[in-house]
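*Asks:* Attaching a single structure in structure tokens format; questions to follow.
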Amino acid sequence: MLINVLIGGEAGQGMDTLASLLEKTLHREGYAVFTSKDYMSRIRGGHNFILVRSGTETATSHDPDPDVIVALNRETAELHQDRLKPGGVILGDGDLQVSHPAFHSLPLARLAKEAGNPRVAGTGALGYLLKMLGLGTGVLKELLAGQFSGEVLAANLSILETCYSMGEVRYELPPGAPAGNLLLNGNEAVALGALAAGLDFYSAYPMTPSTGIMNVLAASRDKTGIVVEQAEDEIAAINMAIGASYGGARAMTGTSGGGFSLMVEALGLAGITETPVLVANVQRPGPATGFPTRTEQGDLSFVLTAAQGEFPRMVTSVRNPRHAFDTTFRALNLADKYQIPVILLSDQYVADVSRTTEPPDLADLEIERHLADPGEWTDREYRRYSTEYGPVSPRLVPGAAPGQVVVADSDEHTEEGHITESAEMRIRMTKKRMGKMKMLAGEMEEPLYEGPGEPETVLVGWGSMEGPLLEAREILGKKGYPVGVLVFGDLYPLPVRTLFRLRDMKVDFVGVEQNATGQLARLIRQETGIAMSGSILRFDGRQMCGQEIAERWLKEVKEQ
């Protein structure tokens, strides 16, 4: 059983607080939670809403059709009432004058005033909602006590009890089963994965929707000892990270597409100096400012070749919070191992969605630092770009070995790191660097495949499309269409074994992406010759859900 609650209103009306209290209450009661956000680029005003989907089943995608609408203003009810599910309810203050027959008029403003604080009206709506769900108020009271105190807490508790007593049970959820899971969004998971991987230094300029990564890391400084630097711009941010990495720190930076554009030249610096660095690009629609608070998968083609010239890089993407944790951890290890820049693609949807997540087993994680032992260089000359060891040269931290100098330069260089104009040396260094790609290809993880052993149709996506695609497969399966789903995490070098296996079965591949040109489909065709037989694309800044994918496949692909 899943209940879908929409909380909507203007920016500044406290939606984030209400949604956070609701999802945490449901999580602690033992229910699976999936919370998605739709918000405008405004501090005040506009229309924003949050969907909290929860129950005894595990949701992997949002559902645009709510069972309950908590309307903090009239506009919310008017905009979403047509999507209300049969038997659904709209909750709001009577002063909103909503004429819909499903509207439950509550005297929230009056009760909040009587409680001594007009800002606690939303807590009253939560109390009424909890009664409708057949849940008690104990967990919510604990959460309120952890967030407020004194007269503010007393006002919240007062209106909570009053409104709870006014409600009636309508959607009685089966008892929850607390399982020790975490409630994480994608940005939080990236930050925690970086900390688990031994991150020493993070620099960034705040840019929606990537800022949450920096916020989590900055909040952890006292406990972890890492350095977090808010740079003056994205150019400085990536150069700081490269400098920290050159000095031996495990370093990372994060941004969105516009900031990544500014980082491009420095990305090439990391490539030619063979300096490991992790760059998180949490995508939003472009070009230019685009939609600052919306979602898209529009940067894949860009990051594959960003910066002039040719140098090795890895491009990977995150599919959900747990995958984000694991992928960030692994990306930092691989950047270190192959001395390359690694680009981690996320997007606003996966960054902001918070969901019930199985905690990682930290005992299974191994931080891999690939730094040369200073003791090995006491009696012989150190050459930073020596070709004696193949594509990956020993990496010595500057100052670690007495008498040894670690030279790095943005020009083409000799094995010692000195500038050169030699054509022969240029060929040798290029082959050395590009030789890492073959080694890196062996590290790439195959995409997730879910579906029948011999499918006729496979829906192909990447990153945040995982959850919606899995739900679409479930919906189509119930309708008698046993489609398969293939979702890529690692993107470049492209893992191809599963693709070739499915191609040999003569399946129809259908690309499903949040962009206008089918960028993964183009990459797959470029690398393998495999072409999609159809596509389902969306690029209005709003995420496709499983229901939409299923409906569009039936209408736009299956019936054609």
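The values are calculated or read from the model by the stated rules, or taken from the named source; none is laboratory data. Quick caveat: nothing in here was measured; it's all calculated off a predicted structure. Methodologically, a virtual Cβ is constructed for each residue, glycine included, from the backbone with ideal geometry; neighbour enumeration extends over all protein chains shown. Calculation scope for accessible area: heavy atoms of the full protein, side chains included, ligands and nucleic acids excluded. Shrake-Rupley method; radii C 1.70, N 1.55, O 1.52, S 1.80 Å.
*Asks:* Summarise the accessible area of region 368-468 (1.4 Å probe, protein heavy atoms) by the percent that is carbon and sulfur.
*Replies:* Result for region 368-468: 49 percent of the exposed heavy-atom area is carbon or sulfur.
*Asks:* To test your reading of the geometry: what angle, between 0 and 90 degrees and rounded to tens, separates the Cα axis of helix 466-478 from the longest principal axis of the chain?
*Replies:* 60 degrees
*Asks:* 5 Å is the cut-off here: which amide hydrogens, built 1.01 Å from N in the peptide plane, fall below it relative to R395, excluding neighbours closer than 5 in sequence?
*Replies:* The answer is A372.
*Asks:* How high is the relative contact order of the chain, in percent, with contacts defined as C-alpha pairs under 8 Å that are six or more residues apart?
*Replies:* Relative contact order here is 12 percent.
*Asks:* Determine which residues of region 401-438 fall in the zone a paramagnetic label at E388 would reach in this model, i.e. backbone nitrogen under 13 Å from the point 7 Å along Cα→Cβ.
*Replies:* What the label zone holds, given the 13 Å backbone N cut-off, is 415-416.
*Asks:* Stokes-Einstein diffusion coefficient for region 237-376 at 10 °C in a medium of 1.306 mPa s, Rh from the Kirkwood formula over Cα pairs: what value in µm²/s?
*Replies:* Answer from the Stokes-Einstein relation: 101 µm²/s.
*Asks:* Given region 285-331 reduced to its alpha-carbon atoms as identical point scatterers, what log10 I(q)/I(0) does the Debye formula return at q = 0.26, 0.32 Å⁻¹?
*Replies:* The Cα Debye sum returns log10 ratios of -1.02, -1.07.
*Asks:* Now for a different question. Dipole of region 420-511 (Lys/Arg Cβ +1, Asp/Glu Cβ -1, origin at the Cα centre): which of I475, F509, P452 lies farthest to the positive side?
*Replies:* After comparing all options, I get F509.
*Asks:* Rank these by accessible area, largest first, 1.4 Å probe: Y385, Y481, Y164.
*Replies:* Most to least solvent-accessible, the answer reads Y481, Y164, Y385.
*Asks:* OK, next. Counting only other residues whose beta carbon sits under 15 Å from that of E556, what net charge do I get with K and R as +1, D and E as -1?
*Replies:* Summing Lys and Arg as +1 and Asp and Glu as -1 gives -1.
*Asks:* Compare the Cα positions of T293, N333, G375 along the charge dipole of region 292-433 (+1 at Cβ of Lys, Arg; -1 at Cβ of Asp, Glu; about the Cα centre) and return the one farthest towards the positive end.
*Replies:* It is T293.
*Asks:* After finding the eigenvalues of the alpha carbon gyration tensor for region 395-459, what semi-axes result from the square roots of 5 times each, listed largest first in whole Å?
*Replies:* Computed over region 395-459, the values are 43, 18, 8 Å.
*Asks:* Output wanted: per-residue J couplings in Hz (rounded whole) for region 277-294, from phi through Karplus 6.51 cos²θ - 1.76 cosθ + 1.60, θ = phi - 60°, x for Gly and Pro.
*Replies:* So the J values, rounded to whole Hz, are 7, 9, 10, 8, 10, 8, 6, 9, x, x, x, 6, 5, x, 10, x, 10, 10.
*Asks:* Let me ask something additional. Given a 1.4 Å probe, how much area per residue of the chain is accessible, in Å²?
*Replies:* With all protein chains present, the chain gives 42 Å² per residue.
*Asks:* For region 393-407, what does the Karplus curve 6.51 cos²θ - 1.76 cosθ + 1.60, with θ = phi - 60°, yield as ³J(HN,Hα) per residue in whole Hz, taken in order and with x for Gly and Pro?
*Replies:* 7, x, 10, 9, 6, x, x, 6, 10, x, x, 9, 10, 9, 9
*Asks:* Sticking with this one: Rounded to the nearest 20 debye, what is the charge dipole size of region 308-441 about its Cα centre when +1 sits on each Lys and Arg Cβ and -1 on each Asp and Glu Cβ?
*Replies:* 400 debye
*Asks:* Let me ask something else. List the residues, sorted by chain then number, that are 5 or more residues from V89 or on another chain and whose placed amide H is less than 5 Å from its amide H.
*Replies:* Amide H neighbours of V89: V68, I69.
*Asks:* Pairing the Cα long axis of helix 519-528 with the longest principal axis of the chain, what angle in degrees results, from 0 to 90 and rounded to the nearest 10?
*Replies:* 40 degrees
*Asks:* Let's see if you can work this out: charge +1 on each Lys and Arg Cβ, -1 on each Asp and Glu Cβ, no other charges. What is the dipole magnitude of region 1-65 about its Cα centre, in debye to the nearest 20?
*Replies:* Computed charge dipole of region 1-65: roughly 240 debye.
*Asks:* Quick one: 3J(HN,Hα) in Hz for region 146-151, Karplus 6.51/-1.76/1.60 with θ = phi - 60°, rounded, Gly and Pro as x.
*Replies:* With the stated coefficients, region 146-151 comes to x, 10, 10, 8, x, 5 Hz.
*Asks:* What fraction of the Cα pairs in region 480-560, stated in percent, has a spacing above 18 angstrom?
*Replies:* For region 480-560, the fraction of Cα-Cα distances above 18 Å is 43 percent.
*Asks:* Nearest 5 percent is fine: what portion of the DSSP beta bridges confined to region 414-535 is antiparallel?
*Replies:* Counting DSSP beta bridges with both partners in region 414-535, the antiparallel share is about 20 percent.
*Asks:* For region 15-170, give the share of DSSP beta bridges that are antiparallel, in percent and rounded to the nearest 5; count only bridges with both residues there.
*Replies:* So the antiparallel bridges in region 15-170 amount to around 45 percent.
*Asks:* What three numbers, in Å, describe the spread of the alpha carbons of region 1-98 along their principal axes, ordered from the longest?
*Replies:* 34, 30, 21
*Asks:* How large is Rg/Rh for region 82-136, to two decimals, with Cα atoms and a Kirkwood Rh?
*Replies:* 1.01
*Asks:* Ok, one more. Using bins 20 angstrom wide from zero, how does P(r) for the chain break down, in % of all Cα pairs?
*Replies:* 20, 48, 26, 6, 0
*Asks:* Continuing with this model, one more query. Please give the net charge around N73, taking every other residue with its beta carbon less than 12 angstrom from that of N73, where Lys and Arg add +1 and Asp and Glu add -1.
*Replies:* That works out to -4.
*Asks:* Answer with one residue from T528, S422, V485: the one whose Cα lies farthest towards the positive end of the charge dipole of the chain, charges on Cβ with Lys, Arg +1 and Asp, Glu -1.
*Replies:* Positive-most Cα among the choices belongs to V485.
*Asks:* Length gain on complete extension for the stretch A177 to D508, per 0.36 nm per residue less the alpha carbon to alpha carbon distance?
*Replies:* Fully extending the segment from A177 to D508 adds 115.1 nm.
*Asks:* Explain nothing, just the number: relative contact order of region 498-557, from Cα pairs under 8 Å at least 6 residues apart, as a whole percent.
*Replies:* 32 percent.
*Asks:* Moving on. With N set to the number of residues, divide the alpha-carbon radius of gyration of region 285-442 by 2.2 N^0.38 Å and report two decimals.
*Replies:* 1.29
*Asks:* Enumerate the residues in region 489-510 having an amide nitrogen under 18 Å from the point lying 7 Å beyond the Cα of E450 toward its Cβ.
*Replies:* What the label zone holds, given the 18 Å backbone N cut-off, is 489-490, 510.
*Asks:* Run the helix sum for the chain: -39,500 (n - 2.57) per DSSP H stretch of 4+ residues, divided by residue count, reported at 222 nm to the nearest 500 deg cm²/dmol.
*Replies:* Taking each H run of at least 4 residues, the total per residue is -11000 deg cm²/dmol.
*Asks:* Moving on to the next point. What whole number of Å gives the distance from the Cα centroid of region 164-192 to the Cα centroid of region 197-273?
*Replies:* Using only Cα atoms to place each centre, the spacing works out to 33 Å.
*Asks:* For an R0 of 51 angstrom, estimate the FRET efficiency from the Cβ-Cβ distance between A363 and S165 and round to the nearest 0.05.
*Replies:* 0.60
*Asks:* For the chain, with only Lys/Arg (+1) and Asp/Glu (-1) charged at the beta-carbon, what is the dipole magnitude about the Cα centre, in debye rounded to 20?
*Replies:* Magnitude of the dipole: close to 600 debye.
*Asks:* Where both residues lie in the chain, what percent of DSSP beta bridges are antiparallel, nearest 5?
*Replies:* Here the share of antiparallel DSSP bridges comes out near 35 percent.
*Asks:* Suppose the chain between L371 and T430 were pulled fully straight at 0.36 nm per residue; how much longer would it get relative to their current alpha carbon spacing?
*Replies:* 19.0 nm
*Asks:* Show which aspartates and glutamates lie in cross-link reach of K131 when reach means a straight Cα distance below 12 angstrom and same-chain residues fewer than eight apart are skipped.
*Replies:* Correct list for K131: E161, E168, E172.
*Asks:* Suppose R0 equals 30 Å; then what is the FRET efficiency for E412 and I235 from their Cβ-Cβ distance, rounded to the nearest 0.05?
*Replies:* 0.85
*Asks:* While we're on this one: Quick one: ranking K223, K85, K479, K436 by accessible area, 1.4 Å probe, largest first, what do you get?
*Replies:* Solvent-accessible surface, decreasing: K223, K479, K85, K436.
*Asks:* I need the semi-axes of the equivalent ellipsoid of region 120-230: take the C-alpha gyration tensor, multiply each eigenvalue by 5, square-root it, list largest first in whole angstrom.
*Replies:* 37, 18, 13
*Asks:* Could I ask something else about it? I'm a student and want to see the number: the projected area of the Cα convex hull of region 175-260, averaged over all directions, in nm².
*Replies:* 6.8 nm²
*Asks:* Hey, what angle do you get for helix 321-338 against the long axis of the chain, alpha-carbon based, 0 to 90 degrees rounded to 10?
*Replies:* 10 degrees
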